[in-house]
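J.: Take this structure, written in structure tokens, and hold onto it; I'll ask about it next.
The values are calculated or read from the model by the stated rules, or taken from the named source; none is laboratory data. This structure is a prediction, so every number in the text was calculated from the model and none was measured. All Cβ positions, even for glycine, are placed from backbone atoms using ideal geometry, and neighbour counts span all protein chains on display. Heads up: the accessible areas ignore ligands, DNA and RNA and are worked out on the full protein's heavy atoms, side chains in. Shrake-Rupley method; radii C 1.70, N 1.55, O 1.52, S 1.80 Å.
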Amino acid sequence: MVQTITASCHCKLFSHTIEISDEIVENKLPISETTCSCDACRFRTGQICILTLSAKITETFPSKEVLSKLKRYDQKCGFSIGKKKDDNDSQSNSSTNNNMKIEEDDSENKNDHDDSANKDGLNKYSSTTSCDGTIITQFFCGNCGTKIYLQVSDIFDEKVEIGMWLLGCLDKIQLNDNNGKYLVDLKGHHFLDDTKDGGIANIWNRFNGNELMRYHDSLELWEPKSIKTTIISNEGKVNELKEKEEEEMLNLHCKCNNFNVYVRRPKPELPLPENCYWYQHPYDDKGVPQRYMASWCACNSCRITTGSSIPAHSWVQIPFRDIFTSNSTSSSPELFIKGEMTPTTEIPGLTKYQSSPDNKDISRYFCECCGSSIMYFDQSRSFIGSFPIGLNDSSPLNGTLNQSWFSWWTGESGVSFPPPINAYEDGEKRWGKLIMKEFEDGLISWGKSIGQRQK
Ligand SMILES: [Zn+2]
Ligand SMILES: [Zn+2]
Ligand SMILES: [Zn+2]
């Protein structure tokens with residue numbers, strides 16, 4: 001007898017039944033796992049970190065035919081799995097052959113992107129014959145952008161060593177409806193150095209009653225480096241902001257850089273409109289807010305389309321008037337969205353997906369090349385876009401949570417309801433009350449530690 005779970009994308013164009021034998025359920029589940037916060041995972045998905053289900057341990061590697069129904073994005077990674085080549089001759093022969101094969105597989109992408117030499121994807125690396133790393137391939141739905149599967153293979157022999165299902169696209173994370181075992185047992189967070197500030201580890205610090213560990217590579221405990229955090233309290237004014245160059249901008253981009261924009265500090269006309277939540281404290285001498293609103297959503301659409309495999313997904317809301325296609329300091333930098341934005345606006349390099357059949361006012365965008373989630377748009381707030389936090393490129397000054405630019409909503413001080421996470425019920429249904437509460441508690445404690453709320 002086998003147990004089944006279904007991996008499917010939001011638009012249901014892709015659906016695949018994963019069978020897990022009783023023997024594996026009995027002996028191997030739940031699988032001890034850690035999240036990954038490395039730069040590649042964040043920029044390739046838009047998520048603050050990813051959490052996956054090992055296809056090796058569950059013995060659920062999908063066939064090539066199954067994967068051929070999805071778009072793929074190949075990315076060279078410096079770390080190496082499997083054996084290295086012994087002699088140079090066999091190395092260059094082997095790599096030439098294999099790269100040709102891979103290029104054929106990727107011909108669709110290649111044709112779409114003649115300027116791909118500038119991208120961080122496969123085409124750039126396929127001309128490199130001396131690399132001895134791995135190729136990480138993300139498979140995603142070309143229609144809705146749902147991230148489905150990750151594969152790690154040797155750059156030379158294409159032997160797949162590691163396969164992972166993105167947890168967010170699975171129809172459940174517990175095997176039985178009642179008292180079901182979880183598929184994964186989270187132990188901690190990995191590759192935290194890439195986040196500078198610890199990213200998700202600041203918020204998600206318990207799982208099913210156990211403390212979550214912080215790691216970078218291997219099992220050595222990770223400690224935050226001192227980063228220069230610029231933001232203090234609700235009331236506080238910020239001195240360090242002034243030390244920075246005036247034209248400093250925030251860079252948001254996906255893994256392949258098809259999407260690559262720069263955000264300026266808010267420049268609103270004063271007084272601010274009523275209920276202006278998108279521009280946030282602290283205020284400069286003239287009363288101009290300095291940050292943008294960031295918050296969490298646990299809804300099923302965010303989970304599935306982003307592949308968000310953790311209890312909630314984080315977004316920052318930025319008015320289009322503040323987003324530019326370059327960080328040029330010239331007097332008239334080009335706007336990312338020119339003219340009026342609507343749910344049917346096409347954006348070069350991105351694929352549009354209308355995620356709510358009942359609500360034509362909403363559209364989501366993802367990168368057509370690497371699949372990263374890029375933007376959520378709602379016509380009722382047509383001047384503003386929501387961007388996933390994982391696209392934020394933390395400079396040496398600012399970590400992934402980037403408190404210099406983002407004002408995180410962690411709930412109203414002293415108020416326990418509603419929870420500070422949108423669509424909390426969706427999260428509870430998926431993760432259960434305890435894990436969702438642990439996530440919420442972590443968010444609230446962190447909110448206190450950064451002065452966003454007092455109690
Ligand atoms: Zn789809
Ligand atoms: Zn991309
Ligand atoms: Zn959502």
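J.: What ³J(HN,Hα) values, in whole Hz, does the Karplus curve 6.51 cos²θ - 1.76 cosθ + 1.60 give for segment 47-60 when θ = phi - 60°, with x put for Gly and Pro?
T.: So the J values, rounded to whole Hz, are 7, 5, 6, 10, 9, 10, 10, 5, 7, 6, 5, 7, 6, 10.
J.: In whole percent, and with a 1.4 Å probe on the protein chains, what portion of the accessible area of segment 230-449 is carbon and sulfur?
T.: Carbon and sulfur together cover 49 percent of it.
J.: To continue, here is another question. Assuming R0 = 56 Å, can you tell me the calculated FRET efficiency for the pair GLU412 and LYS69, based on Cβ-Cβ distance, to the nearest 0.05?
T.: The pair GLU412/LYS69 has a calculated efficiency of 0.80.
J.: Calculate the FRET efficiency for TYR277 and THR344 from the Cβ-Cβ distance with a Förster distance of 22 Å, rounded to the nearest 0.05.
T.: In this case the efficiency is close to 0.25.
J.: Hey, another quick one. Using heavy-atom solvent-accessible surface (probe 1.4 Å) with all chains present, what is the largest-first order of ASP441, ASP217?
T.: Of ASP441, ASP217, the descending order of accessible area is ASP217, ASP441.
J.: Moving on. Which entries of LYS56/LYS159; LYS76/LYS255; LYS28/LYS56; LYS56/LYS76 show an alpha-carbon separation above 18 angstrom in the structure shown?
T.: Check vs 18 Å cut-off fails for LYS56/LYS76.
J.: Among 319-327, 145-153, how do they line up by average Cβ neighbours within 10 Å per residue, starting with the highest?
T.: 145-153, 319-327
J.: With the crude spin-label approximation of a point 7 Å out along Cα→Cβ, what separation in nm comes out for ASP22 versus LEU221?
T.: Inter-label distance under the simple model: 4.3 nm.
J.: Along Cα→Cβ, 7 Å out, is where each label goes; now give me the distance between the ones at ARG321 and GLN354 in nm to one decimal.
T.: 2.9 nm
J.: Sequence-distant or interchain residues sharing an amide H contact under 5 Å with ILE374, placed H: which?
T.: Sorted by chain and number, the residues that satisfy this are TYR365, PHE366, CYS367.
J.: While we're here: Using only the Cα atoms of segment 242-340, each taken as one equal point scatterer with no solvent, compute I(q) by the Debye sum, divide by I(0), and report log10 of the ratio at q = 0.19 Å⁻¹.
T.: -1.11
J.: Also, I was wondering about something else. Could you run the Karplus curve 6.51 cos²θ - 1.76 cosθ + 1.60 with θ = phi - 60° over segment 342-356 and give me ³J(HN,Hα) per residue in whole Hz, x for Gly and Pro?
T.: Taking θ as phi minus 60°, the curve returns 10, x, 9, 4, 8, 10, x, x, 10, 9, 8, 9, 8, 7, 10 Hz for segment 342-356.
J.: Let's test the formula: R0 of 22 Å, r as the Cβ-Cβ distance of ASP361 and GLU269. What FRET efficiency results, to the nearest 0.05?
T.: Once the sixth-power term is evaluated, E becomes 0.25.
J.: Would you mind working out the accessible area per residue for segment 230-449, using a 1.4 Å probe, and quoting it in Å²?
T.: Per-residue accessible area for segment 230-449 comes out at 42 Å².
J.: Using only the alpha-carbon atoms of segment 230-449, report the extent along each of the three principal axes, biggest first, to the nearest angstrom.
T.: 51, 41, 35
J.: What is the spin-label model distance, in nm, from GLN379 to LYS181 if the labels are put 7 Å beyond Cα along the C-beta direction?
T.: Placing both labels 7 Å beyond Cα along the Cβ direction yields 4.9 nm.
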